[in-house]
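The values are calculated or read from the model by the stated rules, or taken from the named source; none is laboratory data. Everything numeric in this text was worked out from a predicted model, so none of it was measured. Don't worry about glycine lacking a Cβ; one is built from the backbone with ideal geometry, like all the others, and counts go over all protein chains shown. Each accessible area value is taken on the protein alone, full model and side chains, heavy atoms only, with ligands, DNA and RNA left out. Shrake-Rupley method; radii C 1.70, N 1.55, O 1.52, S 1.80 Å.
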Amino acid sequence: MTTLAPVGSPNAPEAIKDLIGIGIGPFNLSVAALLDSMPKMNATFFDQKPEFVWHAGLMFPGSILQTSFLKDLVTPVMPTSPHSFVNYLVEQKRFYDFMAGRFNGVSRTEFSAYMTWVAHRLPSTRWDSGVREVSFDGEAFQVELDNGLKSCARNLSVATGMKPNKPDWAAPHIGPTCFHAGDYLHRAASFSGKRVTVIGGGQTGAEIVLDLLTAPGREPAQVSWISNLPRFSPLEEGGFVDQVFTPGYVSTYQTLPRAGKRSEVAGQKLASDGLTPATIDALYEEIYRRKHLANAPDTVTLLPGRNVFALDRDAAGYRIHTDVTACQTAETVSADVIILAIGAKPSLPEFMAPLRDRIDLDPAGVPHLSQDYRMTFDGPSENRIFGLNMGLASHGIVDPQMSLMAWRAGVIVNALAGSQVFDVEPGADIISWPRLDQPVATSLEQAAAAG
Ligand SMILES: Cc1cc2nc3c(=O)[nH]c(=O)nc-3n(C[C@H](O)[C@H](O)[C@H](O)COP(=O)(O)OP(=O)(O)OC[C@H]3O[C@@H](n4cnc5c(N)ncnc54)[C@H](O)[C@@H]3O)c2cc1C
């Protein structure tokens, strides 16, 4: 048996755990919450932060969760769990007030408070526990923390979130006046008298522009908003759109050839990256007010259809060089402060470097995932590495979203347990999605032939 010093007790030998989870964002928290109902499963989850925090740099007071609160950490696969959002409301003595509000959605602030409540009541979570390196000794994964302590487990669940996109043109400039959107509220006190440019036309970009224009005390002289998309488009919503956020859709998506998967993900961009109507309405109203009522039309510039390709800086500030897609010409935007709201991408974290050559990766360095979220690892089959928020290509547009996080956690726990602890079987689909293994015409013909 591996005898490494366990976390919190440097000298005593430690039994091999069933699972170590690395990163406690919503996705591993969902796994931890489900495993809490299985006392025989020995699991520990590590996070580098001192406590649970969810995208604090973008936690605007008015932001609304783009997902139903019923798709919380547990409810879709374990509605009786004590870790549900509804139980949170009940225990906070807030249930009736919440229901009386008939809210269109739950605020991100409240959902974050719910997740914090779950994260700190689970005995399996460990804070101030950044993972430095993971290796494999033939029997178990050895996990070394930044503080030098070690732990080991037969299985891993790696969920450290996506890596912010930092294109080549931005990389040399990253610093106090050119930073990623995730840091926004940590940096944004006053922008008094500054020309601020937000690059990125998704929901995060929209929320930052709205905050720059409306939050008390920000006072930028000018706000420019650049997007490479042809317009600032709303989120696609409704019953038919939301059918892509179902287990049934994921299972049909997985039958598609690579090119089919790529075109599905591209075609569904606005189902996940479009702008929330409430944000668009508030933003439009403020821009209208500035243009027509406050006589301040030059304080906001909206620049869709521009693709940034270079950035330089001189004594007068930054110059952002863009391709104007429709005109096939170039345009330059000046700025004192640049906020990069250009998204993030899946990646294998650095601490997995010792195992990198033993995991099947795509050309971008992202692990290929099986249906049950396992990386293809060349070690023994009983040692599994689950990858969460790494499956945009393998599981489709829903993978980085919270819509199926409890379902995915159920799939992973079932795989760990080797039995169907949670019912994760898709129900009957409303839409007959294209699928390679069972073309619809064939099954109709078969039904007709059968009589
Ligand atoms: C502002 C914002 C709002 C969003 N709103 C929605 C929404 O309304 N609906 C929706 O469906 N999706 C939403 N998303 C998308 C998605 O649900 C979130 O990004 C979600 O947080 C992803 O969860 P995660 O667990 O993969 O990663 P994260 O939340 O990023 O958590 C990763 C964790 O890993 C930890 N970590 C990293 N490295 C290490 C290490 N070496 N050792 C230990 N710990 C480490 C980090 O500290 C962090 O706590 C939103 C995303 C953003 C950015």
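Here are the numbers for the structure shown:
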read-out: The chain: angle of helix 440-450 to the longest principal axis, Cα-based, in degrees nearest 10; value: 40 degrees
read-out: Using alpha carbons only: equivalent-ellipsoid semi-axes of segment 283-348, gyration tensor based, whole Å; value: 25, 17, 15
read-out: List ILE431, ILE208, ordered by accessible area with a 1.4 Å probe, largest first; value: ILE431, ILE208
read-out: Accessible area expressed per residue, the chain, with surrounding protein chains retained (probe 1.4 Å, Å²); value: 48 Å²
read-out: Gyration tensor verdict on segment 34-97 (Cα atoms; rounded if a/c is under 1.5, prolate if a/b is larger than b/c, oblate otherwise); value: oblate
read-out: Computed [θ] at 222 nm, deg cm²/dmol, the chain (DSSP H ≥ 4; -39,500 (n - 2.57); rounded to nearest 500); value: -7500 deg cm²/dmol
read-out: Positive dipole terminus of the chain, leading residue within ALA341, ILE385, TYR284 (C-beta point charges); value: TYR284
read-out: Segment 147-218 shape via C-alpha gyration tensor axes, a/c threshold 1.5; value: prolate
read-out: Percent RCO, i.e. relative contact order, over the chain, from Cα pairs under 8 Å lying at least 6 residues apart; value: 20 percent
read-out: Trypsin sites (Lys or Arg not before Pro) within segment 219-298: DSSP coil, no more than 14 neighbouring Cβ in 10 Å; value: ARG231
read-out: Shape call, the chain: gyration tensor on alpha carbons, a/c limit 1.5; value: prolate
read-out: Highest average packing first - 162-172, 64-74, 96-106, 410-420, Cβ atoms within 10 Å; value: 64-74, 410-420, 162-172, 96-106
read-out: Magnitude of the charge dipole, the chain, Cβ model with Lys/Arg +1 and Asp/Glu -1, debye to 20; value: 560 debye
